[in-house]
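Visitor: Have a look at this one before I ask anything.
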Amino acid sequence: MTGDANADHDKARRFRDAALPYLDDVFTLAGYLTRNTADAEDAVQECYLRALRHFDSYRGPAMKPWLLAILRNVCNAEFARRGKQEISADDAEDDGAQAEPIWQEPQASPETVLLRHQDGSTIRRLVAALPRPFREAIVLREVNDWSYQEIADVAGVPVGTVMSRLARARAMLRTAWNAAEGSAPEVRSGATP
C-alpha cells in the first residue's frame with residue numbers, strides 16, 4: 001500500500017514539474033477558445049485532469065503541445081455537447097479590465113490611456129469574433145509566439161494550412177479593425193468631444 005502511495009506521489013510530482021509551467025499558456029488558449037473565463041477555467045481543469053490521468057503513457061518530447069492538444073479536445077467535446085452554442089462578444093469584453101503594463105510611460109495623458117484601453121478591448125473583441133480555426137491559429141502564433149510547426153502539431157493540420165489560416169485571420173482582423181476605426185469616437189481623429 002505504501003508503495004502505491006509513493007508511486008502516486010512521485011507521478012504527481014513529476015506531472016506538476018512538467019505541466020504546471022505551461023498553465024498560463026493553456027489558460028490563455030482556453031480563454032480564446034471558450035470566450036468565457038468560467039468555461040476556460042473548467043476546460044483547463046479538465047485538460048490537466050486528463051493529462052494527469054494519462055501521464056504514465058505520455059512519451060512525447062514536448063509537454064506544451066501535448067497539453068494544448070488535450071485542451072483542444074476538451075473544448076471541442078464541450079462545444080459539441082452544448083450544440084456549438086456560441087458566447088456573445090459582449091461576454092468576452094467583461095474580461096477586458098487589465099492593469100496597465102509596467103513599461104508604460106508615467107506621463108500618459110487620460111486620452112492616451114482611454115485610446116489604449118479602447119484599442120485593447122477592440123482587439124480582444126475582434127479576435128473573439130473570428131471563426132474558431134482562425135482564432136485558434138492567431139492566438140497560438142501572436143499571443144503564445146508558437147512556430148508554424150508547433151501550431152500544426154497541436155491543430156493536427158499541415159503547416160500550409162496553418163499559414164493559410166494565419167493569413168486569412170490577419171486579413172479578417174485588418175478588415176474588422178478598419179471597420180471599427182471608421183465607427184470609433186471622434187477622439188481618435190484628434191477632435192475634442
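The values are calculated or read from the model by the stated rules, or taken from the named source; none is laboratory data. From a predicted model like this one, the values you see are computed outputs, not experimental measurements. Neighbour counts are summed over all protein chains in view; Cβ atoms, including those assigned to glycine, are modelled from backbone coordinates with ideal geometry. To get the accessible areas, we keep the full protein, side chains included, count just its heavy atoms, and leave off ligands, DNA and RNA. Shrake-Rupley method; radii C 1.70, N 1.55, O 1.52, S 1.80 Å.
Visitor: Apply 1/(1 + (r/R0)^6) to the Cβ-Cβ distance of residue 177 and residue 157, taking R0 = 25 Å, and write down the FRET efficiency to the nearest 0.05.
Guide: Numbers: r = 26 Å, r/R0 = 1.03.
With R0 = 25 Å, the Cβ-Cβ based efficiency is 0.45.
Visitor: Looking at the square roots a ≥ b ≥ c of the eigenvalues of the Cα gyration tensor of the range 1-80, which shape do they give, rounded for a/c under 1.5, prolate if a/b is larger than b/c, or oblate?
Guide: Judged from the Cα gyration tensor, the range 1-80 comes out prolate (a/c at least 1.5, a/b above b/c).
Visitor: Short version: ³J(HN,Hα) in whole Hz for each residue of the range 176-182, in order, from phi by Karplus 6.51 cos²θ - 1.76 cosθ + 1.60 (θ = phi - 60°), x for Gly and Pro, what are they?
Guide: 5, 5, 4, 5, 5, 4, x
Visitor: If you roll a 1.4 Å probe over the range 1-58 with all protein chains in place, what percent of the accessible area is carbon or sulfur?
Guide: That fraction is 52 percent.
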